[in-house]
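**Student:** Starting off with a structure, shown below.
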Amino acid sequence: MNDFNTSEVKKFLSLRKKLMVAILFASSFITSLTTAFHYYFEYKKDITYLNKSLNQIGNSNSSSLTRSLWNLDDLQIQVQLDSILKVRDIVGVAVTDEDQNVFYENKKTEIEEIVSFSRTFPLFLNPDKKVNKIGELVIWSTKAHINENLISRLTVFFLSQFVKTLIVSFTMLYLFRFLVTRHLDRIVRFLRGVDLNSLNIERLSLDRPAKTVDELDYVNDSINLILRRVERANLETNEKIKRQEKEIQMQKAASINSARLASLGEMAANIAHEINNPLTVLAFSGKKIKSLSEQEEVNKDRLVHFANMINRTIDRMCKTINSLKTLARDAEDDVYEMVNIYDIIERVLDLCQISIAQKGVEITTEFNDLPKSFYIRCKEVQITQVIINLINNSTDAIKNLSEPWIKIDVKERNGNICFSIIDCGSGIPEDIQSRVFEPFFTTKDIGEGTGLGLSISAKSAKNHNGSLLIDNECKNTTIRLEFPLGC
């Protein structure tokens, strides 16, 4: 398995990066949340402390300021207010009379640029009973220092938390890398490289300490279990394929033999006729010789004549039987040899000429001025079988036509030998031309053909580095066997 197929292409992002982003995000979120709560309460605490300080300052100075205001002691009031103004976070002070007229006021110059809030403390001559109010003490305060201090602490805190988060994140990443992702990387590399079609599949080994067992060990064992099942399935499939291939080869051999026997069956009547006629001649010649031998004066010339007739008849029978034996055997393992082109056609006609003539088909040959000593290199039996098969197919196709004929045309062209079987038909329909060489395809009726003749013939042509093809340039049906002279 060289690669993983997914329904859609996605960008790869390693677990380490995902984990780092997740840790940084989670740590930052948690840190921000806890910091916000912490410093919110710190801010509230500082504001409360500031209010308490203002109350303490106001209450502690109310009595003395009341006496100074009652005595109209401007200098004392000024001294007290100036001392209050020196306190941090206080940016302005003022004393007003009972009619809200400012008796004395002092503010820091930058108070207009500072967000501030004020606290008012009433001045009573009798503070215990809070009667006889003669004025008020007003104190302006600011939260600027509190905010600055808060921001400063937040900055330091966030920097320290950032450094801590980075250290924790990289530590966790290292631990995750050491404990998990390096083993996951090994698993991914192994799965990408493993050959699931092999009969001996490599097993996964993570090389981890054997003291404890965890999820990765379960993953390792599960993958190896799956690989064992795949390996076993491959073995079973391989054995099944071998059995099927063997069965196919046996069926192929049986089909080829069936096709060959079918061809022989088509010639059975011809062979019977070829043998029956010579036997009649032999019987007649034997009777004549016996009759002549019983005469007082033996005519030697007549005896020699009938003896020669017997010898010629026996030679004819032997020739026919040898041709039949040659055609019937399996020529797959034959060697290539130099064969005379005229001898090939003569043997073809010996086997099929009479049966074709009995069907009313006229067969002729044309050698196109090829010399009698013209030789080609081939497996003679295979070529003979191909030509006879083509002739038989033509005979079946045209036997019901008026004045049917077949022509065997032999010629040499561009270093190739061409055997063209031409009949009086008008050609093979275009819609079946692409299928006629397929195994088991036939246009004959059931029981009249196996559909293997042309496919086997095409294979024989290919074995000779040639081809078997339909010649559509001829007006009559033509199938041409063509292969190199030297094969």
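The values are calculated or read from the model by the stated rules, or taken from the named source; none is laboratory data. Quick caveat, the model's predicted, so the values are computed rather than measured. Every residue, glycine as well, gets a Cβ built from its backbone with ideal geometry; the counts of neighbours run over all protein chains shown.
**Student:** Could you say which residue among LEU206, LEU175 is out of contact with any Lys or Arg (no Cβ under 9 Å at 6 or more places or on another chain) and either assigned by TED's automatic domain parsing to the domain that holds PHE25 or surrounded by fewer than 16 Cβ atoms within 10 Å (Cβ to Cβ) (or both)?
**Tutor:** LEU175
**Student:** Hey, among the residues in region 145-165 that are in contact with an Asp or Glu (Cβ under 8 Å, 6 or more places away or on another chain) and surrounded by 15 or more Cβ atoms within 10 Å (Cβ to Cβ), which one's farthest from THR34 (Cα to Cα)?
**Tutor:** Per the criteria, the residue is ILE146.
**Student:** Step by step: first the residues of region 422-432, then only those that are within 47 Å of the chain's Cα centre (by Cα) and in contact (Cβ under 8 Å) with a residue 40 or more places away in the chain, then the one that is surrounded by the fewest Cβ atoms within 10 Å (Cβ to Cβ). Which residue is that?
**Tutor:** GLY427
Every residue, every condition in (1) in contact with a strand residue (DSSP E or B) (Cβ under 9 Å, 6 or more places away or on another chain); (2) assigned to a helix (DSSP H, G or I); (3) in the same structural domain as LEU159 (by TED's automatic domain parsing), yes or no:
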residue: SER32; (1), (2), (3): no, yes, yes
residue: PHE37; (1), (2), (3): no, yes, yes
residue: GLU42; (1), (2), (3): no, yes, yes
residue: THR48; (1), (2), (3): no, yes, yes
residue: GLY58; (1), (2), (3): yes, yes, yes
residue: ASN61; (1), (2), (3): yes, yes, yes
residue: LEU72; (1), (2), (3): yes, no, yes
residue: GLN76; (1), (2), (3): no, yes, yes
residue: VAL79; (1), (2), (3): no, yes, yes
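**Student:** What is the number of the single condition among (1) among the hydroxyl-bearing types (Ser, Thr, Tyr); (2) closer than 22 Å to TYR49 by Cα; (3) surrounded by 12 or more Cβ atoms within 10 Å (Cβ to Cβ) that THR120 does not meet?
**Tutor:** (3)
**Student:** Taking region 36-60, which residues are loosely packed, with under 15 Cβ neighbours inside 10 Å and of a type outside the set (Ser, Thr, Tyr)?
**Tutor:** Matches in region 36-60: ALA36, PHE37, HIS38, PHE41, LYS44, LYS45, ILE47, ASN51, LYS52, ASN55, GLN56, ASN59.
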